[in-house]
Amino acid sequence: MSETKETPRRPAIRGWMIFVLVGALAIAAGGIAGRLLSSAGGGTAPSDTVLKFFQAVRDNDAKAAISQLATPPTDTTFITNDILRAAHERGAISDISVPSTNSTVVPVSYTLAGETITDRISVTPVGNGYKVSTSLNSGGISLKGKTRTGLPLTIAGITVTTDTIVLLPGSYPMTTTTDKVLYGTGSLVVKRLADATTANDLKVQLSPSGLAAAQTAVTTSLQACTSQKSFAPTGCPFKLAGTSANPTTVVWTMLSTPASDTLVTLSTTDLSKSTVEVPLRLKIAYVDGATSHEQELTHTAIGAIDLLKDPVIVSWQA
């Protein structure tokens, strides 16, 4: 009788193992799908938000920049496309660099008006992304008490009518009703998002055209003085006392150059009453009887100068 040989069988895959495998694949697939949905739904990292914000500022897109702020300003008078464009004519933003990070304090660097600026921008979670939470201009740029009566301030062509304004990074042109004086250097530069202003940013100072106008006013006034046949010319800062000679013989000659020596001090309260100071060296020639006389005089002429007049007017102290 021959023996019957049995063929070995492979162990069967148990049903519970198949169930575990299928379940694991389903969980993995669900995780992948979840991440894809999050991305498609607009989820952003902190660095993405900061990059979008500065790109919008660079592109003069005010609406897009504001959309990246956690707390948009209530007054956006000075956050418009046109004003950003004016701010970036002399202070263009370029070379924006934002390293990838999940931190809520994001480093950023960029070039503004040729200067490399570095900053750290705070963001806060909003929805499935982040928004910039750094305080704009540390709560606003205060102009109260920094602008002069009778000297309105315009920024990028818009007149300032409030005590506080908000500006994004850029170099904003500042003008007023006269070109003879400037607020600051004529530009308000905001380098970083939280920057406000310093005392010198809005300090009123004489412009080159203002100095030229003052020099012209001084020269014109003194020429009128030296042309008078008088020992004490009317409305003038110099005279010769102690002589009874005939004033019709008087000839005044200016030996110094008043225009180049003119010093203007702006009034802190009223620009129409600023001060001008000029060192003078003059010669007076006259005839007393049969005797001719010549005498040199030195004098510091001081007067009030109205820089809001056109042309500028000088009133000399006697």
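Brief remarks follow.
- Only listed residue being assigned by TED's automatic domain parsing to the domain that holds T219 and in contact with a Ser or Thr (Cβ under 6 Å, 6 or more places away or on another chain), chosen from L280, L255: L280
- Subset of the stretch 188-212 (residues that are under 30 Å from L69 (Cβ atoms) and surrounded by 15 or more Cβ atoms within 10 Å (Cβ to Cβ)): L188, V189, V190, K191, R192, L193, A194, D195, A196, T197, D201, L202
- Odd one out for Q215, checked against (1) in the same structural domain as I117 (by TED's automatic domain parsing); (2) modelled with pLDDT of 95 or more; (3) touching a helix residue (DSSP H, G or I) at 6+ places or on another chain (Cβ under 9 Å); (4) not aliphatic (A, V, I, L, M): (1)
- Every pair of residues 6+ apart whose Cβ atoms lie under 9 Å, when the first sits in the stretch 127-138 and is in a loop (DSSP other than H, G, I, E, B) while the second is crowded, with 21+ Cβ neighbours inside 10 Å: S133/I121; S133/V123; T134/I121; T134/V123; T134/L193; S135/L193
- Every residue from the stretch 273-295 that is under 49 Å from the mean Cα position of the chain (by Cα) and either farther than 30 Å from Q205 by Cα or in contact (Cβ under 8 Å) with a residue 60 or more places away in the chain (or both): V276, V278, L282, K283
- In the stretch 80-92, the residues that are more than 19 Å from I117 (Cβ to Cβ) form Cβ pairs under 7 Å with partners that are polar (S, T, N, Q), at six or more places apart or across chains, as follows: N81/N60; R85/N60.
- Among the conditions (1) modelled with pLDDT under 95; (2) out of contact with any strand residue (DSSP E or B) (no Cβ under 8 Å at 6 or more places or on another chain), T257 misses just one, which is (1).
- Beta carbons closer than 9 Å, at least 6 apart along the sequence or on distinct chains, never pair a first residue in the stretch 296-318 that is closer than 13 Å to E277 by Cα and aliphatic (A, V, I, L, M) with a second that is at pLDDT 95 or above and surrounded by fewer than 12 Cβ atoms within 10 Å (Cβ to Cβ).
- Residue tally, condition without any contact (Cβ under 8 Å) to a residue 40 or more places away in the chain, part of a strand (DSSP E or B) and either under 8 Å from the mean Cα position of the chain (by Cα) or buried (at least 18 other Cβ atoms within 10 Å of the Cβ) (or both), over the stretch 170-187: 3
- Test for T154: is it touching a Ser or Thr at 6+ places or on another chain (Cβ under 6 Å), over 19 Å from T49 (Cα atoms) and modelled with pLDDT of 95 or more: yes
- For the stretch 269-309, residues that are at pLDDT below 95, touching a helix residue (DSSP H, G or I) at 6+ places or on another chain (Cβ under 6 Å) and either assigned to a loop (DSSP other than H, G, I, E, B) or of a type in the set (S, T, Y) (or both) total 2.
- The condition (being under 18 Å from the mean Cα position of the chain (by Cα) and either farther than 21 Å from L136 by Cβ or in a strand (DSSP E or B) (or both)) is satisfied by just one residue among I96, I83, I117: I117.
- S135 fulfils the conditions (1) surrounded by fewer than 16 Cβ atoms within 10 Å (Cβ to Cβ); (2) touching a strand residue (DSSP E or B) at 6+ places or on another chain (Cβ under 8 Å) except for a single criterion, (2).
Listed here are the residues, each with its yes/no results for (1) farther than 22 Å from G114 by Cβ; (2) basic (K, R).
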position	(1), (2)
K180	yes, yes
Y183	yes, no
L193	no, no
Q205	yes, no
P208	yes, no
A213	yes, no
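The values are calculated or read from the model by the stated rules, or taken from the named source; none is laboratory data. As the structure is a computational prediction, the values presented were derived from the model and not from experiment. Heads up, the Cβs are rebuilt from the backbone with ideal geometry, glycines too, and the neighbour counts pull from every protein chain shown.
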